[in-house]
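Please read the structure below before turning to the comments.
The values are calculated or read from the model by the stated rules, or taken from the named source; none is laboratory data. What you are looking at is a predicted structure, and each value in this text was computed from that prediction instead of being measured. Quick reminder, even Gly has a Cβ in these numbers, built from the backbone with ideal geometry, and neighbours come from all protein chains shown. The area values use the complete protein model at the heavy-atom level, side chains included, leaving out ligands, DNA and RNA. Shrake-Rupley method; radii C 1.70, N 1.55, O 1.52, S 1.80 Å.
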Amino acid sequence: PPLRDKFCPDRGITKGELAAFLRRALDLPDATSDTYSDDDDSIFEGDIESLVAAGVRVPCNSGGDRFCPDEVVTRKLMARFLTRAFGYEASPVDAFVDDNGSPYEEQINAIAAVKVTRGCNPPTNDRFCSDRNVSREEMASFMVRAVERIDP
């Protein structure tokens, strides 16, 4: 801002920005609720509330009243967002060796099953790298793959 003429591909994507990506990809309508206590000053509040209205809640605290819109998204959190937003089913296939026992494992396997991700260590791609931050360019690639799988 104020020009908004740069994409900043190498910068980590925030939860607020991811909410905007998802809202646009899913063409979600405006929502006027005020679910989270920490997004009132965020330019992404409308995007966040649109996700909530669509049933996609990803709070950042156990009380469920905070979203943390400026928090950078990790790969495991991205998997949770995409699984909830696109409704991916759990997969019985254990796609990666480095997520066993993780509370995100089902979502990670779900996005692998629909080929939204192949892994983080080419060419083997047997690791997911759950705690690594997602860059804006990586998120754009994930979104393209996710949108391609939407049934017309």
- Answer from Gly55, Gly101 - the residue that is without any contact (Cβ under 8 Å) to a residue 12 or more places away in the chain, small (Gly, Ala, Ser) and at positive phi: Gly101
- Would you confirm whether any residue within the range 136-144 is open to solvent by 50 Å² or more (accessible area, probe 1.4 Å), among the basic types (Lys, Arg) and either within 26 Å of Thr32 (Cβ to Cβ) or part of a helix (DSSP H, G or I) (or both)? no
- Task: Considering only the range 40-55, state which residues are over 12 Å from Ala19 (Cα atoms) and either surrounded by 22 or more Cβ atoms within 10 Å (Cβ to Cβ) or of a type in the set (Asp, Glu) (or both).
- Result: Asp40, Asp41
- Message: Exactly one of these conditions fails for Ala90: (1) under 20 Å from Glu17 (Cβ atoms); (2) assigned to a loop (DSSP other than H, G, I, E, B). Give me its number.
- Response: (1)
- Query: Taking Val58, is it within 18 Å of Leu18 (Cα to Cα), part of a helix (DSSP H, G or I) and in contact with a helix residue (DSSP H, G or I) (Cβ under 9 Å, 6 or more places away or on another chain)?
  - Reply: no
- Message: I'd like to know if the range 112-131 contains one or more residues that are outside any loop (DSSP other than H, G, I, E, B) and open to solvent by less than 30 Å² (accessible area, probe 1.4 Å).
- Response: yes
